[in-house]
Amino acid sequence: MRVPHGTEFDRLLDQARELLGAGDDEQLADANLAVNQALALRPESADGWLLKCQVQSATGDDIAALAAAEMALARGAMRAECLYWRGAVLGDLGRHREALRDIEAAFEALLPEEHWLLEDLYYEKVMMLEALGLPGAAVATCEVGLAQCPGSALLRAALVPAERARVRSSLKVLRGGAG
């Protein structure tokens, strides 16, 4: 009996997610194969392209991850998760200003049922602000994020280096730029 495309597509995406989630680099090739097979069935799927982006990012192929994020965005009508992933990959590529724009746009596009993404959005924003040399803004973002996600160990951990950088920056100013 032939399996309907939707069912086979979902099975392949679940398989790819499981392999990706295993945290075993040796399983990434199989995850990539499964997501490619799923995309062959439904190339219009934003979710398929998002998973492709995540697999490519996990393998360290940021260019391929960015291409997959672009494909997801083209099919995802500016969903918060699509914007988040493109921003994260742009950050990995050192394109911090573009990344920050995407992260900000993801905050704007965030739907109430996507609250699970909030912690990651704040964290990425903090990383982009630090990379741009804006430690005060990074600390403020951490604080706002912790108010929204009070149990976030990720944001608490990000706050320490951000606060340290903010203090260093203010000391540099106090010393007249010496440092």
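Going through Arg79, Arg101 one at a time, which residue ends up being at pLDDT below 95 and either under 30 Å from Gly48 (Cβ atoms) or of a type in the set (Gly, Ala, Ser) (or both)?
Exactly one of Arg79, Arg101 is at pLDDT below 95 and either under 30 Å from Gly48 (Cβ atoms) or of a type in the set (Gly, Ala, Ser) (or both), namely Arg79.
Taking the condition assigned to a helix (DSSP H, G or I), small (Gly, Ala, Ser), on the phi < 0 side of the Ramachandran plot and modelled with pLDDT under 95, does Ala106 pass?
Against the criterion (assigned to a helix (DSSP H, G or I), small (Gly, Ala, Ser), on the phi < 0 side of the Ramachandran plot and modelled with pLDDT under 95), Ala106 does not qualify.
Give me the pairs, please: first residue somewhere in the range 4-31 and under 18 Å from Asp61 (Cβ atoms) and at pLDDT 95 or above, second residue anywhere and assigned to a helix (DSSP H, G or I) and acidic (Asp, Glu), beta-carbon distance under 7 Å, and either six or more positions apart or on two chains.
The qualifying pairs are Leu19/Asp30.
Just to be sure I understand, how many residues within the range 97-128 are crowded, with 23+ Cβ neighbours inside 10 Å and without any contact (Cβ under 8 Å) to a residue 24 or more places away in the chain?
1
Taking the conditions exactly as written (in contact with a Leu (Cβ under 7 Å, 6 or more places away or on another chain) and either under 20 Å from Ala88 (Cα atoms) or among the hydroxyl-bearing types (Ser, Thr, Tyr) (or both)), does Ala58 satisfy them or not?
yes
Does Ala34 satisfy the criteria of being surrounded by 17 or more Cβ atoms within 10 Å (Cβ to Cβ), in a helix (DSSP H, G or I) and either touching a Phe, Trp or Tyr at 6+ places or on another chain (Cβ under 8 Å) or touching a residue at least 60 places away in the same chain (Cβ under 8 Å) (or both)?
Numbers: surrounded by 17 or more Cβ atoms within 10 Å (Cβ to Cβ): yes; in a helix (DSSP H, G or I): yes; either touching a Phe, Trp or Tyr at 6+ places or on another chain (Cβ under 8 Å) or touching a residue at least 60 places away in the same chain (Cβ under 8 Å) (or both): no.
Against the criterion (surrounded by 17 or more Cβ atoms within 10 Å (Cβ to Cβ), in a helix (DSSP H, G or I) and either touching a Phe, Trp or Tyr at 6+ places or on another chain (Cβ under 8 Å) or touching a residue at least 60 places away in the same chain (Cβ under 8 Å) (or both)), Ala34 does not qualify.
Among the listed residues Gly91, Gly145, Gly87, Gly48, identify the single one that is in contact (Cβ under 8 Å) with a residue 24 or more places away in the chain, crowded, with 21+ Cβ neighbours inside 10 Å, over 15 Å from the mean Cα position of the chain (by Cα) and within 24 Å of Leu20 (Cα to Cα).
After ruling out the rest, the residue left standing is Gly48.
Can you tell me which residues in the range 109-127 are part of a helix (DSSP H, G or I), within 20 Å of Met78 (Cα to Cα), in contact with a helix residue (DSSP H, G or I) (Cβ under 8 Å, 6 or more places away or on another chain) and of a type outside the set (Phe, Trp, Tyr)?
Scanning the range 109-127 gives Ala109, Glu114, Leu117, Leu118, Glu119, Asp120, Leu121, Glu124, Lys125.
If only one of Pro135, Pro161 is crowded, with 20+ Cβ neighbours inside 10 Å and either modelled with pLDDT under 95 or in contact with a strand residue (DSSP E or B) (Cβ under 9 Å, 6 or more places away or on another chain) (or both), which one is it?
Exactly one of Pro135, Pro161 is crowded, with 20+ Cβ neighbours inside 10 Å and either modelled with pLDDT under 95 or in contact with a strand residue (DSSP E or B) (Cβ under 9 Å, 6 or more places away or on another chain) (or both), namely Pro135.
To keep it simple, each residue is scored yes or no on (1) closer than 24 Å to Glu130 by Cβ; (2) in contact with a strand residue (DSSP E or B) (Cβ under 8 Å, 6 or more places away or on another chain); (3) assigned to a helix (DSSP H, G or I).
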{"site": "Ala40", "(1), (2), (3)": "no, no, yes"}
{"site": "Glu44", "(1), (2), (3)": "no, no, no"}
{"site": "Leu51", "(1), (2), (3)": "no, no, yes"}
{"site": "Ala65", "(1), (2), (3)": "yes, no, yes"}
{"site": "Glu70", "(1), (2), (3)": "no, no, yes"}
{"site": "Met78", "(1), (2), (3)": "no, no, no"}
{"site": "Ala88", "(1), (2), (3)": "yes, no, yes"}
{"site": "Leu100", "(1), (2), (3)": "yes, no, yes"}
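The values are calculated or read from the model by the stated rules, or taken from the named source; none is laboratory data. Note that this is a predicted model, so its numbers are computed, not measured. In this analysis, Cβ positions are derived from the backbone assuming ideal geometry, glycine residues included, and neighbour counts consider all displayed protein chains.
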